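Only one structure is covered here, and it is reproduced in the block below.
The values are calculated or read from the model by the stated rules, or taken from the named source; none is laboratory data. Remember, it's a predicted structure, so these values are computed and weren't measured experimentally. Note that each Cβ is placed from the backbone with ideal geometry, even for glycine, and that neighbours are counted across all protein chains shown. With ligands, DNA and RNA removed, areas are computed over all heavy atoms of the protein, side chains included. Shrake-Rupley method; radii C 1.70, N 1.55, O 1.52, S 1.80 Å.
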Amino acid sequence: MRHFGLIGYPLTHSFSPDYFKNKFESLGVEDADYKLFEVNDLDSVKKLIITYDLLGFNITIPHKQSIIPYLDELTPEANAIGSVNCVKVVEGKLIGYNTDAFGFKTSLIHLIGDKTIEKAIILGNGGSAKAVQYALKQMKIDYSIVSRSGDLNYNNLSPSMMRTYQLIINTTPLGMFPNVEEHPDIPYEAITSNHFAFDLIYNPSETAFLRKCSLAGAAIKNGQEMLEFQADKSWEIWNA
């Protein structure tokens, strides 16, 4: 049996086990399983890998950046992004990849279609945000970052500024189940039908952020498809 899994904390409502179970069944894969590993302290990660004989694993909040010192090698893309969400174990060596950027870019293209996006605003600046930044650079979309303590923050983001961004991307955990009424504190009154809103959260399927943007006329998308694309890419890497 080949063993894979997801390392993060907390993992109570992760979609990954069911997704990979269904994927294995659809592909006729009978020699693989995928488990959750709730890990708060990464000092135990190498022991965990040996104990469960993992051949590969995904990394999620809050470890996408803090996992890097424990790895033996990074792909050029993961190194450029500075965030890892997929690890392959090769002869005891841990190789870090980033499949979030691929998942986000592919899903975003499905949202915007043939529309030209010149400016995007990213809410949050964690590990997932770094993958989003990388993808936007690839797509030649200029972006600004809003964070609690950055030069551009939730206190000085004005309605007039918001109108200049066609794409709004939430990379924060605000609104994730069970805290479904939380949302980034932005001037929603400035959002129009000219806007696109993308939330990396997938549970609930419509966050308070997306609901507010939709009511203002924006086209919206959650993180479910992005997650599926990054999971499929991880499976491809583990089997290469």
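What to note about this one:
- Stokes-Einstein translational diffusion, segment 53-113 - Kirkwood Rh over all Cα pairs, 0.692 mPa s, 37 °C, in µm²/s: 270 µm²/s
- Comparing segment 110-240 with the 2.2 N^0.38 Å rule of thumb, its C-alpha radius of gyration ratio is 1.04 (two decimals).
- For a straight C-alpha distance cut-off of 21 angstrom, the lysines reachable from K212 (same-chain residues fewer than eight places away being disregarded) are K119, K221.
- Cross-link pairs beyond the 32 Å C-alpha cut-off, checked among K35/K105; K21/K93; K35/K137: K35/K137
- Proximity of backbone amide H atoms, modeled 1.01 Å from N, is registered between L152 and S147 at under 5 Å, excluding neighbours fewer than 5 places apart on the same chain.
- Carbon plus sulfur fraction of accessible area for segment 73-191, probe 1.4 Å, in percent: 49 percent
- Under 5 Å from the amide H of S144 lie the amide H atoms of A120, I121, I122, each residue being 5 or more positions distant or on a separate chain, with H modelled from the backbone and absent for Pro and chain starts.
- Projecting the Cα atoms of N58, I117, S44 onto the charge dipole of segment 1-140 (Cβ charges, centred on the Cα centre) puts I117 farthest toward the positive pole.
- Amide hydrogen proximity for T99: with H placed 1.01 Å from N in the peptide plane, the residues at 5 or more positions away or on another chain lying under 5 Å are N85, C86.
- Using the Cβ-Cβ distance between L27 and H110 with R0 = 22 Å, the FRET efficiency computed as 1/(1 + (r/R0)^6) comes to roughly 0.45.
- Using Cβ point charges alone (K and R +1, D and E -1), the dipole size of the chain about the Cα centre works out to roughly 480 debye.
- Distance in nm between pseudo-label sites at L48 and S144 (7 Å out along the Cβ direction from Cα): 3.8 nm
- Each residue of segment 230-236 is assigned a 3J(HN,Hα), and the resulting list reads 5, 5, 4, 5, 4, 4, 4 Hz, derived from the Karplus form 6.51 cos²θ - 1.76 cosθ + 1.60 (θ = phi - 60°), x at Gly and Pro.
- Set of segment 1-21 residues, backbone N closer than 12 Å to the point 7 Å along the Cα-Cβ line of L36: 6-19
- Taken per residue, the accessible surface of segment 82-169 reaches 45 Å², heavy atoms only and a 1.4 Å probe.
- Within the chain, the longest segment free of exposed loop sites, counting trypsin sites (Lys or Arg not before Pro) that fall outside DSSP classes H, G, I, E and B and have at most 13 other Cβ atoms within 10 Å, spans 1-114.
- Note, ³J(HN,Hα) from phi for segment 55-69, Karplus 6.51, -1.76, 1.60, rounded to Hz, x at Gly and Pro: 9, x, 7, 8, 10, 10, 3, x, 9, 5, 9, 6, 6, 4, x
- Accessible area per residue was computed with a 1.4 Å probe on protein heavy atoms; T164 scores about 70 Å².
- In Hz, Karplus ³J(HN,Hα) per residue of segment 17-23 (6.51, -1.76, 1.60; θ = phi - 60°; x = Gly, Pro): x, 5, 5, 6, 4, 5, 5
- Among the GluC sites (Glu not before Pro) in segment 11-65, those placed in a DSSP loop whose Cβ has at most 10 other Cβ atoms within 10 Å are E30.
- Among (1) 19.2, 68; (2) 18.0, 54; (3) 18.2, 57, the entry that matches Rg and Dmax of the Cα atoms in Å as calculated here: (3)
- Förster radius 45 Å - calculated FRET efficiency between H3 and K119 (Cβ-Cβ, nearest 0.05): 0.55
- Distance between modelled label sites at N153 and D18, nm, 7 Å Cα→Cβ extension: 3.9 nm
- Summarising the strand pairing of the chain, around 20 percent of its internal DSSP beta bridges are antiparallel.
- Checking every one of the GluC sites (Glu not before Pro) in segment 161-197 against DSSP loop status and a limit of 10 other Cβ atoms within 10 Å picks out E181.
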